[in-house]
Amino acid sequence: MFEKTPLFSALISHRSRKPISMHVPGHKNGLLLHEAGISYYKKISELDVTELTNLDDLHDAEGCIKEAQDLTAQFYGAEETHFLIGGSTAGNLAMILSAFDPGDAVMVQRNCHKSVLNGLELAGLVPIFLGPEIHQEGGFPLGLTLETVKMASEQYPEVKGLIVTTPNYYGMSADLSSIIQYMHERSLPVLADEAHGAHYVLEGFPDSVLSMGADAAVQSAHKTLPAMTMGAYLHIGKQSLLNKNRIRHALQMIQSSSPSYPIMASLDLSRSYLAQLKSSDIELIKEQSLELKDFIKQCGFHVLDAPSGYEADSLKITLQAQWEYTGYEMQSIFEQNGLYPELADSLNVLFVLPLGVSHETMRWKEAILRASKELNSKRKLAAIKFPSAFPPVSSLSYSYSEMRRKLTVKVKINDSAGRISAETVIPYPPGVPLIAKGEQITESMIKAFNVLQKTGARFQGGGGEMISVFAEEEGVEQQ
Ligand SMILES: Cc1ncc(COP(=O)(O)O)c(C=O)c1O
């Protein structure tokens, strides 16, 4: 049953009628394309249609899209699943907008993606940030502990729910059942950004948050499944405390009224792909990962493990050079050797492996070996320790509506400790804001910023020497 592909099959059946397009989109089933792009776009354009008879409507699904979404929900053990064509970004926004009311205080894992922070601002919420544990060797954030959740709920008894991010970008996750149970005992929902865990439904990978009882989970299918970029799922959990009608309403506000059929069909195909993977296939995928990890170690790199209490995703490999290079320098050498990692940070480089057995492993190994030889031959740099920037429990200094009315000034970031940031500073990837708009800037944030900048991080917003902060006096000129 789960092998079926109702949406993809409806598109193929439409195509087989050799339809004349007197409708949008303007490429007319791929007949009108720029010459330079024809060979790339021709085939995919044949599927890039619109809400025609028998092809359903994402915003009021009752035909093949509904069937595809229902199969996905059943496969993932969800009450209801919605296809997202704007990535997990759209799902996070819709989930947050629909779960809370303006002015609600909400606990939020601080190492969240910027889309979560944007959702909080759009919904006019009052975030109570919870600091995650930190991976000692890797220097990156992991997940929350029950103690932190309890501490914050006691300090802020008015909170209306919790937003978690799991697994982290590096594929490390912990069992959240006790945190979810603690929240549910208080009738408070848990929303999960599980962008990196769309394959966790499979046996042999860490457990999914839905199986732990989360009320809703958002997954970027495009990150680890064979789905097109921007394809994602929003699952509503069984016995969810959330209002399904509000979620549907939020989704139709956030998502395009012309959703991409190639993206939606790739979500349908991805679920079918997962369903067809046998346990023997998963074993081979895991062996492929183990074998590559061994090879990487033989080349002189250090491969990070998940710390105690956390589980690692076999599709992710986080490595460090033994020769004290920054992650960014290593990334650049891998790229010069034809291998493009998912991301680098000050200390690490992250590889994301395919959810399938590859015929290219020899090419991977050759590139890794070439890069290791080059890295080995270069001079050493001073070791870098990445300071942890997130306190266990913190909140914004102003509400989002207060921030909109306040004047801002620019100050040198190195002189900004104690000021309230008027901008969000985001090293990208991973897109986890280092300084959030409305947060008081601390010495450790400045230290972390300097380490990131010195080692070559890219920033969205900020990144120069100056930062926008809220003016302390009235009447200061806005810059
Ligand atoms: C944890 C997390 N959540 C959400 C997103 C946004 O996902 P998308 O790119 O599918 O919109 C990302 C993107 O990297 C992410 O890492």
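General remarks:
- Of the residues making up segment 237-255, not one is without any contact (Cβ under 8 Å) to a residue 60 or more places away in the chain and either within 17 Å of the chain's Cα centre (by Cα) or within 16 Å of the ligand (Cβ to nearest atom) (or both).
- If you go through segment 24-44 and keep only what is in a helix (DSSP H, G or I) and touching a residue at least 12 places away in the same chain (Cβ under 8 Å), you end up with Tyr41, Lys42, Lys43, Ile44.
- Qualifying residue in segment 217-234 (condition: more than 21 Å from the chain's Cα centre (by Cα) and not aromatic (Phe, Trp, Tyr)): no
- Only listed residue being outside any helix (DSSP H, G or I) and touching a helix residue (DSSP H, G or I) at 6+ places or on another chain (Cβ under 7 Å), chosen from Lys4, Lys18: Lys4
- The set of residues from segment 99-133 being open to solvent by 10 Å² or more (accessible area, probe 1.4 Å), within 12 Å of the ligand (Cβ to nearest atom) and of a type in the set (A, V, I, L, M) comprises just one member, Leu117.
- Count of segment 179-194 residues, restricted to those that are in contact with a Pro (Cβ under 9 Å, 6 or more places away or on another chain) and within 16 Å of the ligand (Cβ to nearest atom), is 1.
- Checked against (1) more than 14 Å from the ligand (Cβ to nearest atom); (2) open to solvent by 30 Å² or more (accessible area, probe 1.4 Å); (3) farther than 29 Å from Leu284 by Cβ, Gly204 passes all but condition (3).
- Counting the residues of segment 73-98 that are assigned to a helix (DSSP H, G or I) and either more than 16 Å from the ligand (Cβ to nearest atom) or surrounded by fewer than 18 Cβ atoms within 10 Å (Cβ to Cβ) (or both) gives 5.
- Of all residues making up segment 312-333, the number that are within 16 Å of Lys293 (Cα to Cα) and of a type outside the set (Ser, Thr, Tyr): 9
- A single entry from Ser272, Ser280 fulfils the requirement of being in contact (Cβ under 8 Å) with a residue 12 or more places away in the chain and of a type in the set (Ser, Thr, Tyr): Ser272.
- First in segment 286-304 and free of Cβ contacts under 8 Å to residues at least 24 places away in the same chain, second anywhere and loosely packed, with under 13 Cβ neighbours inside 10 Å, Cβ under 9 Å, 6 or more apart: Glu287/Val357; Val303/Asp294
- Members of segment 45-72 found to be outside any loop (DSSP other than H, G, I, E, B) and open to solvent by 40 Å² or more (accessible area, probe 1.4 Å), listed by number: His59, Asp60, Lys66, Glu67, Asp70
- Of residues in segment 134-153 being part of a loop (DSSP other than H, G, I, E, B), over 18 Å from the mean Cα position of the chain (by Cα) and in contact (Cβ under 8 Å) with a residue 60 or more places away in the chain, the one surrounded by the fewest Cβ atoms within 10 Å (Cβ to Cβ): Gln136
- Residue that is nearest to Gly197 (Cα to Cα) [pool: residues in segment 217-236 that are near the ligand (Cβ under 10 Å from one of its atoms) and surrounded by fewer than 24 Cβ atoms within 10 Å (Cβ to Cβ)]: Lys223
The values are calculated or read from the model by the stated rules, or taken from the named source; none is laboratory data. A quick note: this is a predicted structure, and the numbers were derived from the prediction, not measured. Heads up, the Cβs are rebuilt from the backbone with ideal geometry, glycines too, and the neighbour counts pull from every protein chain shown. Just so you know, the surface numbers come from the protein's heavy atoms only, side chains and all, with ligands and any DNA or RNA stripped out. Shrake-Rupley method; radii C 1.70, N 1.55, O 1.52, S 1.80 Å.
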